[in-house]
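**Student:** Below is one structure. I have some questions about it.
The values are calculated or read from the model by the stated rules, or taken from the named source; none is laboratory data. Everything numeric here is computed off the predicted structure, so don't read it as measured data. Here the Cβ positions follow ideal geometry from the backbone for every residue, glycine too, while neighbour counts run over all protein chains shown. The area values use the complete protein model at the heavy-atom level, side chains included, leaving out ligands, DNA and RNA. Shrake-Rupley method; radii C 1.70, N 1.55, O 1.52, S 1.80 Å.
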Amino acid sequence: MKLINWLAPSAFLAAVIATLGYRFGFLHFRLSLLVFFIAMLVCTVIFLIGVFKLAVCIYKKQRFPVELVPLLLACALIPVLTFNNVGSGALNAVMIHDITTDMDNPPAFVFIQPDDGYRINSLVYPGGEVSATQRQAYPDIKTFVSPVPARLVYQKAVFISSLLGWEIIAKDLGGLRYEAVTKTPLFGFVDDIAVRITPLADGGSAVDVRSMSRVGISDLGTNAKRIRRFLGELEAVLEQELINLQ
């Protein structure tokens, strides 16, 4: 158990430094992720060893070293925070970082520019293999159609975006579209979002969303999760609006 006394705080501190290191700009995101991943694995192993030790002590009716409890709880915090932020979908996430409801005509980024902040990934939608991968991995990510008029949908969409904590960069009321950015909770990675509302001939509207990560090959499922949540919240609001209009 002496190993845990220095390894546990070291791993916990490494995880904290990795997250803060990227947020404050003194660690490259790849190095930050690598250090955090290793620290998380070490923390997980230490916590499991502690649980095993506790079980042995209970079985043999021995005293468990209570001085280890704060260290084990600190180690447990790292994988718990990770799972809470990325979710179980991150374990089998595909290697893409640009997700859209319309892969044939994705919403383009007009106001957000390539030189806005640190960026590795292009704002140009790649299509091709990325589209094929998305269709297979996220078949539910598709254009949302509503009988509610487009201008009202636009207003509700902007409201939902603000409610979700997105920072709206620019609005185009005439084109019924807007662009926003948001940050991932743990590392603060910046993601770009474009929302487009299209009026339909029957008086309804079609909503398309595109969410992409500025860095990283895989987004660990974050963009698909974000689009699902946005459309789910928007659908709920529009359903209530339809009830009010009746």
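**Student:** Among the residues that make up region 208-223, is at least one of them under 15 Å from the mean Cα position of the chain (by Cα) and assigned to a helix (DSSP H, G or I)?
**Tutor:** Taking every residue of region 208-223 in turn, at least one turns out to be under 15 Å from the mean Cα position of the chain (by Cα) and assigned to a helix (DSSP H, G or I).
**Student:** Return yes when ALA236 is part of a helix (DSSP H, G or I), open to solvent by less than 10 Å² (accessible area, probe 1.4 Å) and not charged (D, E, K, R) and no when it is not.
**Tutor:** Details: part of a helix (DSSP H, G or I): yes; open to solvent by less than 10 Å² (accessible area, probe 1.4 Å): no; not charged (D, E, K, R): yes.
No: the conditions fail for ALA236.
**Student:** Return only the number of the condition from (1) of a type in the set (A, V, I, L, M); (2) under 15 Å from PHE111 (Cα atoms); (3) touching a strand residue (DSSP E or B) at 6+ places or on another chain (Cβ under 8 Å) that VAL153 does not satisfy.
**Tutor:** The one condition VAL153 does not meet is (2).
**Student:** Turning to a different aspect of this structure: Among the residues of region 147-196, count how many are surrounded by 15 or more Cβ atoms within 10 Å (Cβ to Cβ) and in a strand (DSSP E or B).
**Tutor:** 16
**Student:** Answer yes or no: is there a residue in region 225-232 that is open to solvent by 20 Å² or more (accessible area, probe 1.4 Å), over 29 Å from HIS28 (Cβ atoms), part of a loop (DSSP other than H, G, I, E, B) and free of Cβ contacts under 8 Å to residues at least 24 places away in the same chain.
**Tutor:** Within region 225-232 (the criterion being open to solvent by 20 Å² or more (accessible area, probe 1.4 Å), over 29 Å from HIS28 (Cβ atoms), part of a loop (DSSP other than H, G, I, E, B) and free of Cβ contacts under 8 Å to residues at least 24 places away in the same chain), the answer is no, since none of the residues qualifies.
**Student:** Also: Looking at LEU91, is it touching a Pro at 6+ places or on another chain (Cβ under 8 Å), modelled with pLDDT under 85 and either aliphatic (A, V, I, L, M) or open to solvent by less than 30 Å² (accessible area, probe 1.4 Å) (or both)?
**Tutor:** Values: touching a Pro at 6+ places or on another chain (Cβ under 8 Å): no; modelled with pLDDT under 85: yes; either aliphatic (A, V, I, L, M) or open to solvent by less than 30 Å² (accessible area, probe 1.4 Å) (or both): yes.
Criteria not met by LEU91.
**Student:** Looking at (1) within 23 Å of ILE120 (Cβ to Cβ); (2) of a type in the set (D, E, K, R); (3) without any contact (Cβ under 8 Å) to a residue 40 or more places away in the chain, find the lone condition where ARG23 falls short.
**Tutor:** Exception for ARG23: condition (3).
**Student:** Go through region 17-38 and give me each residue that's modelled with pLDDT under 90 and out of contact with any Ser or Thr (no Cβ under 8 Å at 6 or more places or on another chain).
**Tutor:** Selection gives LEU20, ARG23, PHE24, GLY25, PHE26, LEU27, HIS28, PHE29, ARG30, LEU33, PHE37.
Matching residues to (1) surrounded by 12 or more Cβ atoms within 10 Å (Cβ to Cβ); (2) within 30 Å of the chain's Cα centre (by Cα); (3) aromatic (Phe, Trp, Tyr):
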{"position": "ILE4", "(1), (2), (3)": "yes, no, no"}
{"position": "LEU27", "(1), (2), (3)": "yes, yes, no"}
{"position": "ARG30", "(1), (2), (3)": "yes, yes, no"}
{"position": "CYS43", "(1), (2), (3)": "yes, yes, no"}
{"position": "PHE47", "(1), (2), (3)": "yes, yes, yes"}
{"position": "ALA55", "(1), (2), (3)": "no, no, no"}
{"position": "LEU68", "(1), (2), (3)": "yes, no, no"}
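**Student:** State which residue pairs qualify: first residue in contact (Cβ under 8 Å) with a residue 40 or more places away in the chain and under 23 Å from GLY175 (Cα atoms) and inside region 110-126, second residue among the charged types (D, E, K, R) and open to solvent by 80 Å² or more (accessible area, probe 1.4 Å) in any location, beta carbons under 8 Å apart, and separation of 6 or more residues or different chains.
**Tutor:** That search, which allows pairs on different chains as well, returns nothing.
**Student:** When you scan region 102-121, do you find a residue that is among the basic types (Lys, Arg) and loosely packed, with under 13 Cβ neighbours inside 10 Å, even just one? Step through it out loud before you land on a result.
**Tutor:** Taking region 102-121 and keeping what is among the basic types (Lys, Arg), we get 119.
Within this subset, residues satisfying the condition of being loosely packed, with under 13 Cβ neighbours inside 10 Å are none.
No: region 102-121 contains no residue that is among the basic types (Lys, Arg) and loosely packed, with under 13 Cβ neighbours inside 10 Å.
**Student:** A further question on this structure: Since GLY204 meets every condition but one in (1) open to solvent by 40 Å² or more (accessible area, probe 1.4 Å); (2) touching a residue at least 12 places away in the same chain (Cβ under 8 Å), which condition does it not meet?
**Tutor:** Of everything listed in (1) open to solvent by 40 Å² or more (accessible area, probe 1.4 Å); (2) touching a residue at least 12 places away in the same chain (Cβ under 8 Å), GLY204 misses just condition (1).
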